[in-house]
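Okay, so here's the structure we're looking at.
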Amino acid sequence: MVKSALIHPTSPKEAGSLSDQCMTAPSPKKMKCQSKETNTSSGDKTFIQSMPSPKQERKTYNKKQYCLYCSKPYSKMARHLEFVHRNEVGVVKAVAFPKHSKERRVQLNLLRKRGNFAHNTDVVRQGHGEMIACYRPKNSQRANEFIHCIYCQGLYNKRSLWKHIKNCPLKPKNEDAQGRKRVRSLCALNTPVGLEVSKGFKKVLSFMNYDEVSRVVHTDRCIMQLGEHMFNRMGSDQGRLPH
């Protein structure tokens with residue numbers, strides 16, 4: 001009788017009751033989780049600053065980079081840092097090296113990357129805006145095609161990231177060689193998604209090959225919360241990490 005009542009309600013009252021059951025609203029906790037997930041899905045509204053195609057032959061300095069100290073974009077960052085923020089520790093360290101030296105160039109590039117990383121992090125958390133990559137693509141590309149380096153915090157295309165990692169000036173000399181997908185996964189965890197997780201759980205996530213599945217995991221607040229909860233319950237059992 002229960003089955004027949006579900007298929008053919010015998011009265012309008014029963015039909016209304018069944019309709020109410022089917023339209024039951026989700027719990028507040030579930031709705032809260034869904035809303036946060038929507039805010040962190042930034043693949044469609046975030047994009048990478050692309051390279052313009054100027055008609056003039058002379059070199060143009062139109063790439064904007066964000067200052068680490070004042071969070072404003074400038075096309076000539078080295079000059080801005082030396083004249084406006086010359087008393088900052090990082091700038092003092094950079095300008096202490098001779099002009100045109102490799103050491104000076106490396107330190108100034110690091111300050112540029114750290115400033116752009118801070119800006120890119122804000123864009124990811126807000127879910128919209130323009131992200132600054134170390135090398136601008138010729139055509140507009142989606143932000144999820146780029147990943148921050150885990151060492152220097154520069155933003156690179158995920159297909160060529162492993163080439164940069166091999167020669168990154170901030171990479172420890174005793175660092176073990178990693179596979180390409182492993183490198184992508186480690187670097188993908190370097191970009192915040194609005195939810196802080198423990199170092200132990202990050203280590204577990206780093207064993208995932210970077211693909212569409214792991215990208216969804218990294219950017220889904222609910223999945224990350226569940227994973228952190230399960231990790232805290234199971235503890236830091238080293239034997240389970242590769243699984």
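Here is a yes/no grid of residues against (1) closer than 16 Å to residue 153 by Cβ; (2) among the polar types (S, T, N, Q); (3) touching a residue at least 24 places away in the same chain (Cβ under 8 Å); (4) loosely packed, with under 15 Cβ neighbours inside 10 Å:
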{"site": "92", "(1), (2), (3), (4)": "no, no, no, yes"}
{"site": "103", "(1), (2), (3), (4)": "no, no, no, yes"}
{"site": "108", "(1), (2), (3), (4)": "yes, no, yes, no"}
{"site": "111", "(1), (2), (3), (4)": "yes, no, yes, no"}
{"site": "116", "(1), (2), (3), (4)": "yes, yes, yes, no"}
{"site": "119", "(1), (2), (3), (4)": "yes, no, yes, no"}
{"site": "123", "(1), (2), (3), (4)": "yes, no, yes, no"}
{"site": "129", "(1), (2), (3), (4)": "no, no, yes, no"}
{"site": "132", "(1), (2), (3), (4)": "yes, no, yes, no"}
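Within the bounds of the range 144-155, is there any residue that is more than 22 Å from residue 172 (Cα to Cα) and either part of a loop (DSSP other than H, G, I, E, B) or among the basic types (Lys, Arg) (or both)? There is no residue in the range 144-155 that is more than 22 Å from residue 172 (Cα to Cα) and either part of a loop (DSSP other than H, G, I, E, B) or among the basic types (Lys, Arg) (or both).
Every number here is computed from the coordinates shown, using simple stated rules; none is lab data. From a predicted model like this one, the values you see are computed outputs, not experimental measurements. Backbone-built Cβ (ideal geometry, glycine too); neighbour counts: all protein chains shown.
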